[in-house]
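Note sheet for the following structure.
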Amino acid sequence: MKDVANKVGVSQPTVSHVINGTAPISDNVKKKVMEAIDELGYVPNAMAKGLKTRKSSIVGLIVPDVSLHFYSSVVKAVERALRVQGYMVFLCNTFYNPELERQYIETLIQHNVIGVLSCSDLLDKKSDKLLEKYRIPLVLIDSGGGENDCTMCISVDNVAIAKMAVDHLYEVGARNICYVSEPMGTDVIGLRVQAFKQVMKEKGLECGERYCFVAPKQYDNYDKMHMGYNIGANIVVNPEIDAVFASSDEFAFGVLSRLKEYGVKIPDDILLMGIDNDELSSMVTPSLTSIVQPIKEMAKIGVKMLCEAIREEPIDTNKIILEPSILIRESTVKMDRR
């Protein structure tokens, strides 16, 4: 900063005001300062600024696993929305590990982040209290917020997801519908299992252990396709199952692979569908019917809520629930009732 000030012939505080927009400076001086910054290749020290003001332009973004389609899509949408607002992202992959999540929260606080977005409920309840202590606003995406009514959150109606899937499979002739799921790593996964059982009971359909399989915890290697492949063995040995609803498209891909190995024809023998409309869902054979979550809308609303909280503006509502939609493809074409 000293070199920039010397080159332009102004004080260092003047350069600082130009960079941070903290005081009225003439357009002529602003132009000279910005030209000098460009010419000298000066990069303002954001950390130093953060230490001084206890604020930064960095938002922490916590995800369970960015390699998974849903979370990678959320990250891209959130990052784009934050850039428009002038913020950068500090990405944290927790791999469903509460201890690692807590370490990330402490690191974010140390870096003076201005806010935090989490793509699931926080696994360590102490993380919530740490953010509250340092007055760092938190917004949850793809979470109902749990028992804390004060938490800002955006989610998709999981009962609507289950109803949409079961209604569709029922309409095309399925009666013995099986639900397969990844481990209960987030509250949303648990809610989906509960919602499926609720909708099945409302239709008078069986939803016991024979028709609901949840993969064991595998946080060191959270490979949904592999989990789905393993769970597929439970479907093969139950000839009564005529439809499978998977907790995600990636999980459904694994099930599809296992069923094909055993000569099970999709959709002639068993109907199959998932959630999230993975980019591969339209490319696999048969193409996969999928429940679509409005990821871009969730990200946009989440960023809007966080920015309002950062600016300490009034928020109309702190809990928003969005509606899903369905994309019907080859894996659930109409079949005769058995």
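Of all residues assigned to region 245-265, none qualifies as being assigned by TED's automatic domain parsing to the domain that holds Cys207, touching a Leu at 6+ places or on another chain (Cβ under 6 Å), crowded, with 21+ Cβ neighbours inside 10 Å and not in a helix (DSSP H, G or I).
Out of the residues in region 286-329 meeting the condition of being polar (S, T, N, Q) and modelled with pLDDT of 95 or more, tell me which one is surrounded by the fewest Cβ atoms within 10 Å (Cβ to Cβ). Per the stated criteria, the residue is Ser325.
When each of Val180, Val139, Val166 is tested for being in contact (Cβ under 8 Å) with a residue 60 or more places away in the chain, assigned to a helix (DSSP H, G or I), crowded, with 24+ Cβ neighbours inside 10 Å and hydrophobic (A, V, I, L, M, F, W, C), the lone residue that passes is Val166. For the residues Lys197, Lys217, the requirement of being closer than 20 Å to Gly185 by Cβ, modelled with pLDDT under 95, in a helix (DSSP H, G or I) and among the basic types (Lys, Arg) singles out Lys197. The set of residues in region 19-41 being at pLDDT below 80 and either within 38 Å of the chain's Cα centre (by Cα) or not in a helix (DSSP H, G or I) (or both) consists of Ile19, Asn20, Gly21, Thr22, Ala23, Asp38, Gly41. For region 200-209, the tally of residues that are in a helix (DSSP H, G or I) and crowded, with 18+ Cβ neighbours inside 10 Å stands at 1.
The values are calculated or read from the model by the stated rules, or taken from the named source; none is laboratory data. Treat the numbers as computed from the prediction; the structure is a model and nothing was measured. Cβ: placed from backbone, ideal geometry, glycine included. Neighbour counts: every protein chain shown.
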